[in-house]
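Presented below is the structure to which this report refers.
The values are calculated or read from the model by the stated rules, or taken from the named source; none is laboratory data. Every value quoted in this text rests on a predicted model; they were computed, and no experiment measured them. Quick reminder, even Gly has a Cβ in these numbers, built from the backbone with ideal geometry, and neighbours come from all protein chains shown.
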Amino acid sequence: MANLLSSKKRVKQNEKARMRNRAFKSVVKTEIRKFVDAIHDGDLQLAKEQFQRVTKTLDQTAAKGTFHKNMVARKKSRLARRLNAAVAKAGG
């Protein structure tokens, strides 16, 4: 256990940040799962709406520092490719 007052404060701050990051990660995973489920069900309208939610959530978590911006860009790109492939498959 920390002895110095500043160390004790740092431990509390780290714990708060850890809990906040866990919550953000959980929300992102849930949003991505809903997006993937919409694509599997063939509901492209819902998938497009969900894609917007996912990208917004990912950008917010990157802004907070939970995720690295390049990881967020990579995830968004891969999800966009999945959406575009599903739209192309349904259209053609």
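Would you call residue 50 at pLDDT 95 or above, part of a helix (DSSP H, G or I) and closer than 30 Å to residue 91 by Cα?
In short, yes.
Within segment 50-73, identify whether any single residue is surrounded by fewer than 10 Cβ atoms within 10 Å (Cβ to Cβ) and over 15 Å from the mean Cα position of the chain (by Cα), and answer yes or no.
No, because not a single residue in segment 50-73 is surrounded by fewer than 10 Cβ atoms within 10 Å (Cβ to Cβ) and over 15 Å from the mean Cα position of the chain (by Cα).
Under 9 Å between Cβ atoms, at least 6 apart or on separate chains: pull out the pairs that start in segment 1-21 with a residue that is in contact (Cβ under 8 Å) with a residue 40 or more places away in the chain and closer than 24 Å to residue 61 by Cα and end on any residue that is polar (S, T, N, Q) and assigned to a helix (DSSP H, G or I).
That search, which allows pairs on different chains as well, returns 21/61.
Identify the residue in segment 31-49 that is loosely packed, with under 13 Cβ neighbours inside 10 Å and without any contact (Cβ under 8 Å) to a residue 40 or more places away in the chain and, among all such residues, is nearest to the chain's Cα centre (by Cα).
Step one: of segment 31-49, the residues loosely packed, with under 13 Cβ neighbours inside 10 Å are 33, 40-42, 45.
Filter once more, keeping what is without any contact (Cβ under 8 Å) to a residue 40 or more places away in the chain: 33, 40-41, 45.
On the way: 33: 10, 40: 19, 41: 21, 45: 20 Å.
The selected residue is 33.
Can you tell me which residue is nearest to residue 36 (Cα to Cα) among those in segment 55-92 that are of a type in the set (A, V, I, L, M, F, W, C) and without any contact (Cβ under 8 Å) to a residue 12 or more places away in the chain? Give the steps one after another, and end with the answer.
So the first thing to find is which residues in segment 55-92 are of a type in the set (A, V, I, L, M, F, W, C), and the list is 58, 62-63, 67, 71-73, 79-80, 83, 85-88, 90.
This time we only want the ones that are without any contact (Cβ under 8 Å) to a residue 12 or more places away in the chain, so: 62-63, 71, 73, 85, 88.
On the way: 62: 21, 63: 24, 71: 18, 73: 18, 85: 12, 88: 16 Å.
Going through the qualifying residues, I end up with 85.
Considering every residue within segment 62-76, establish whether at least one is of a type in the set (Lys, Arg), out of contact with any Lys or Arg (no Cβ under 6 Å at 6 or more places or on another chain) and either farther than 30 Å from residue 16 by Cβ or not in a helix (DSSP H, G or I) (or both).
no
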